[in-house]
Structure formats: C-alpha cells, structure tokens
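Each remark here refers to the structure printed beneath this line.
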C-alpha cells in the first residue's frame, strides 16, 4: 500500500499538471473518495458566464455543475501558472461535488473542502491554502472590476466524466 507521503506527492503532481477539466475532475473524485470514502458518477460540467462573484453552482437534484467560464479565463489570460488555474478549478469543483453528494450547508462544505485538500495535497500546497483562505485569494492582484464580458451561450464540457457504463 502506498504511504501517505507518496500519495500526497502523486495528488499534487496530478493537479499541478492537469491539462483539462476532465483530468481535474478525476482528481476531485479521487481525493473525495480517499478522504471521505464517497463517490458519485454521472456528473456533467457546463461553462457559463456567471456574475464575477459566483465561482460555480450545483442545481440541487441534478447531476450538473455550472462553472464560471469568465473566472477561469481571467486567471488563464492573466499569465498565472497552470497550477494556479488548476487549484482554482479544483476548489470550485470539489465544493460543488460535495453539494452533489448531498451536503447542502455552505459552512459544512467549506470545512470539508479544507479537510479533503489538506489531507490529499498537504497544508502547504496552493489548493489547500486556497481552500483554507478562499479560492478568491488566487485572484489577488488580478483586476476583476474592469471585467465586462458579453454573455455567451452556456456550453457543455465534452468527455468530462469517464464512465464505463451507460447512465439511464
């Protein structure tokens, strides 16, 4: 069995080098399963231009997560390293995934995000630090008030969830 240090190192490496939403999503599911022994399949990810104050949301009773496309694009175009964008996306997705797993309380979800991130990445990793302080700390120094993006059509992320079964 893999020791905790090796596992933490592997989770860090996977998140820091993830190249797309599907790779980050697999890390979200794996870390939640490792830390909480819970997992849910069949989720869909949508990208939408949401108000800048809203990172993502999970409509209760659905298998959908809607991520703020503008926030992700701001971080990516600000020249931040890939690991910063990945830490932001991870924090937003794990938060909404916990809602999808049935936790409705925002306070409980925030506390659980910290627990999962610290256990899986270590307290000194950017994803864990963002979970403790707030994912919005990753946007520090990026001028958000000047953002004015025309509303685009919501899009579904193709090949987001890998599954070997049909969902009916």
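The values are calculated or read from the model by the stated rules, or taken from the named source; none is laboratory data. Bear in mind that the values here come from a model prediction, so they are computed numbers and not experimental data. So basically every Cβ, Gly included, is an ideal-geometry build from the backbone, and we count neighbours across all protein chains shown.
Values for this structure:
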{"item": "Residue ID - surrounded by the most Cβ atoms within 10 Å (Cβ to Cβ), chosen from residues in segment 104-131 that are touching a helix residue (DSSP H, G or I) at 6+ places or on another chain (Cβ under 6 Å) and under 16 Å from residue 84 (Cβ atoms)", "result": "127"}
{"item": "Selection count where residues are under 19 Å from residue 18 (Cβ atoms) and part of a helix (DSSP H, G or I), scope segment 119-138", "result": "11"}
{"item": "Boolean, residue 123 is within 18 Å of residue 7 (Cβ to Cβ) and in contact (Cβ under 8 Å) with a residue 60 or more places away in the chain", "result": "no"}
{"item": "Candidate set: segment 157-168, residues that are in contact with a strand residue (DSSP E or B) (Cβ under 9 Å, 6 or more places away or on another chain) and more than 17 Å from residue 70 (Cβ to Cβ); chosen: the one modelled with the lowest pLDDT", "result": "161"}
